[in-house]
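Report on the structure given below.
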Amino acid sequence: MNARRWIQIGIVGTIGLALAATDTHPTVRRLTHSQYNHTVRDLLGDETAPADQFPEEDFVNGFRNQSSAQDIPPLLAEAYNAAAERLARNAFLGGDDANHLLPRKPRSPGDAECAADFVRSFGLRTFRRPLTSAEQQRYSALLLKEATRSGDFLRGAQIVIEAMLQSPKFLFRLEQGGDRRGYEMASRLSYFLWDSMPDEELMRAAAAGSLSTPEGLDGQVRRMMTNAKARQALDEFVSEWLRFDLVLNTVKDRTLYPQFTPELAAAMTEETRRLVADLVWNDRNFMDLFRANYSFLNSDLASLYDVPAPANEFDRVVFPASSERAGFLGQGTFLASTSKPGETSPTVRGYFIRQQFLCHEIPDPPPGTNSNLPPVTAARPQTNRERLKDHVANATCMGCHSMMDPVGLAFEKFDAIGRHREKQSITFLPEHHGANRYAKPVTIQVEVDTSGTLTGVKGATFHSPVELGAILAGNAECQACIVKQLFRYAWGRRETAADAPVIRGATEVFRESGFRLKDVIMFLAKAMVGNSSVHSPTAYLLPGGMLKKDVRQPFAPPGLSSVRAVRTANKESGSIFQDPAREEHL
C-alpha cells in the first residue's frame, strides 16, 4: 500500500471512529509545518527542520494554522512519508542511541521487555498520551518482528518510529475527552505556548489531573512562559500576523533598488522580531509596537534608514527626534512588503493596516474591475495621490478605496524598500526597441503630499508613521483587534458570537495590565484549557475517504445524520479501521 493511501485511510479511520463514537464536538488540528519541525526536534533531537521542504501552507484568516485549511493533499502525504523515513533512519545513526530514545540497552534483538518499554515511553511522547493496550501490543510486535528478522534491535525501533511519525495520532491533535482530557489539555497548552509537544513535567501534570485545578494550571502556564520555547512560539505568531513571508519573497527592480537583497529582507524581519520580543518579554506597553522611537538595527538597516550604525549587529538604536519613523509602521518589513517592485502602493499599505491592525474586512473587487491606474509619462508626471484619484471617481472602487488609499498615502515619504525620501522619483527607462533605445533613463522628482485620514475614526488625520502610530496606539478598536488576532491564531479559526466572553475578558486583561501582551497570552492559554470546545470546527468524512471541515455551528454537537454519514463513509471507503482493535494500520 502506498504512502498516500496509507495516510488517507489512517485519517479516515481515526477521525471517523472518534466522531461515530461520541455525541460531543471533537477537535481536529493538524500540526503546522512549524509545529512539526519543533516537535521532531524535541522528540528525536533532530534539527534538520524537514517541514521546510513540505508544500507551502495557505494563509486563511491571516494565519497558516487555521483548521479549515488543514487537509492533507497528496503532495503533503508523500512529504510526510519521506520525512518519516529520514527521521527514523537518522534516529540511530551509526548504530548509536545518541538521543537516548531507548529506556535501556537491549539484552538481545528479541528483548521483549525492552521493546515494550520503548514502545510505551516513545509512544507516550509521540502520540502525546498513553498508548492503548492494543496499540502497545501492535507496535511491540512490529518492533520484535523486524528486530528478529534483521538481528538488530535498533532496526526494529527505527521501524516503530517511522510508523508512528506517519500516524494520524501524531500528525493530528484529535480531542475526544474522557480519560484523555488531561493529555489533550497539555497539548493545547504546549502547541499554543511553545509551538511544540508537551515536555515531561507537563505530561506528569496531565497524568495527575492538576491541569484541572486553577492552581495547577496557573503554575504550568507561568512555568511554560519562562521557557525559551515560549519565545519561538511568539516568533511564529508574529511572523504570520505581520506577514514576514511577503518581504522575504518580494522582488524589487534591481535597476531602481540595487540595495535590496535577500539578506536585507531577512534583516528587516529580524528587526521586527526583536522589537516585538523587547515589548513582550520586558513587559513593556505592547501598543508601542506603533509608536516606539527606537528599533534594533544591523549595519545594512542603519544605512537604509540613514542613521549611525550600531556598535553591534541588531543593537538598540534610538531614532533622532526629527525622524518620521515609529514602531512597525516605520520598518522595512512593512514598507517593503506593501510595495510593488518599482514603486510604492498606498492602497496595499492602507489595506494591510485596516486588515491586520483594525480587523476590518475589505472585500475583493467585483469581477471584471479594471484596477489599472493611468500610465505616467515624462510629459505629464503624476504623484501616486494624483493617480489614485481615479479610484475615488469610480463608483465601483470608491467604497473600499476610500478606506485604504487615504491611510497609505501618509507613507509616501518612504519608497518601495523603506528608504526615506522628500520627493517621489519617477524614472522613465528607454524602450528596448526603436530609435530611443540608447537614450539615458530620465528621472523626474515630484512633490508628495503625505496627509492621510483614517475613515471611521474621529479626528484621525496624520502625515507620517509617527502620527498614525500614535493614533493606533490609543485606539480601542486597534487594541481589541490585537487580541482577536491572537485568539484566531490560538484557536485556529475566526471568532464567533459564542467567543465574545473570552475575547472581551482578554481585552480587559490587556488594558488593565497596561497593554502587556504576555498577560493576554496567559489568559487565553487558561481559557482554552478551561473550555473543552475551544477549537470546535466539526470534521466529517465524505464517501471515498475525503476529510472535510464544517464550521457551521462551532459549539453545536453533530446530529445523528453526521454520525451515520461517518459510518457510511468508512464502509464505502473500505477502511480497515472499522474494528477498533485494528484501528491503525502498521
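Taking 0.36 nm per residue of sequence separation and removing the Cα-Cα distance, the Thr226/Arg494 pair yields an extension gain of 93.6 nm. Sorted on the mean count of surrounding Cβ atoms within 10 Å across their residues, most packed first, peptides 95-107, 120-132, 243-255 read 120-132, 243-255, 95-107. Reported to the nearest whole Å, the Cα centre-to-centre distance from region 278-306 to region 324-340 is 12. Overall shape: oblate for region 237-473, with the ratio a/c of the largest to smallest alpha carbon gyration tensor axis at 1.5 or above and b/c at least equal to a/b. Can you work out the FRET efficiency for the pair Ser299 and His463, with r the C-beta to C-beta distance and R0 = 30 Å, to the nearest 0.05? Plugging the Cβ-Cβ distance into 1/(1 + (r/R0)^6) gives 0.50. Using the alpha carbons alone, the radius of gyration of region 476-530 stands to its Kirkwood radius in an Rg to Rh ratio of 0.92. Each other residue within a Cβ distance under 14 Å of Asp253 adds +1 if Lys or Arg and -1 if Asp or Glu, for a net charge of +2. Could you sort out which of Lys413/Lys484; Lys229/Lys518; Lys340/Lys484; Lys423/Lys458; Lys252/Lys518; Lys389/Lys440 sit more than 25 Å apart by Cα distance in this structure? Table pairs above 25 Å Cα-Cα are Lys413/Lys484; Lys340/Lys484; Lys423/Lys458; Lys252/Lys518; Lys389/Lys440. A cut-off of 5 Å between modelled amide H atoms, ignoring neighbours fewer than 5 places along the same chain, links Tyr294 with Phe319, Gly327. With the highest mean first, a sort of the peptides 72-78, 491-497 on other beta-carbon atoms found within 10 angstrom per residue produces 491-497, 72-78. Relative contact order, whole percent, for region 324-422 stands at 43, derived from Cα pairs under 8 Å and 6 or more residues apart.
Converting phi to 3J(HN,Hα) with the Karplus coefficients 6.51, -1.76 and 1.60 and the offset θ = phi - 60°, region 168-179 yields x, 6, 8, 6, 10, 10, 9, 9, 10, x, x, 6 Hz in sequence order, with x at every glycine or proline.
When each of the peptides 169-175, 208-214 is scored by the mean number of other C-beta atoms lying within 10 Å of its residues, the order from highest to lowest reads 169-175, 208-214.
Averaging Cα coordinates gives a centre for region 473-497 and one for region 158-193; these two points are 27 Å apart. In sequence order, region 323-330 has phi-based couplings of 5, 9, 8, 7, x, 4, 5, x Hz under the Karplus curve 6.51 cos²θ - 1.76 cosθ + 1.60, θ = phi - 60°, and Gly or Pro positions carry x. Which of rounded, prolate, oblate describes region 346-430, given a ≥ b ≥ c as roots of the alpha-carbon gyration tensor eigenvalues and a/c under 1.5 marking rounded, otherwise prolate only if a/b is larger than b/c? It comes out oblate by the Cα gyration axes. If you plug the beta carbon distance of Asp96 and Leu75 into 1/(1 + (r/R0)^6) with R0 = 41 Å, you get a FRET efficiency near 0.75. Note on Glu422 and Arg316: with the Förster distance fixed at 22 Å, the Cβ-Cβ geometry gives a FRET efficiency of about 0.20. The residues packed around Ile159, meaning those with a beta-carbon under 11 Å from its beta-carbon, carry a net charge of 0 if Lys and Arg are +1 and Asp and Glu are -1.
Computed from the coordinates by the stated procedures, all read-outs in this text should not be read as laboratory data. What you see is a predicted model, and the numbers here were worked out from it, not measured in a lab. For neighbour counting, all protein chains shown are included, and Cβ atoms are generated from backbone atoms with ideal geometry for every residue, glycine included.
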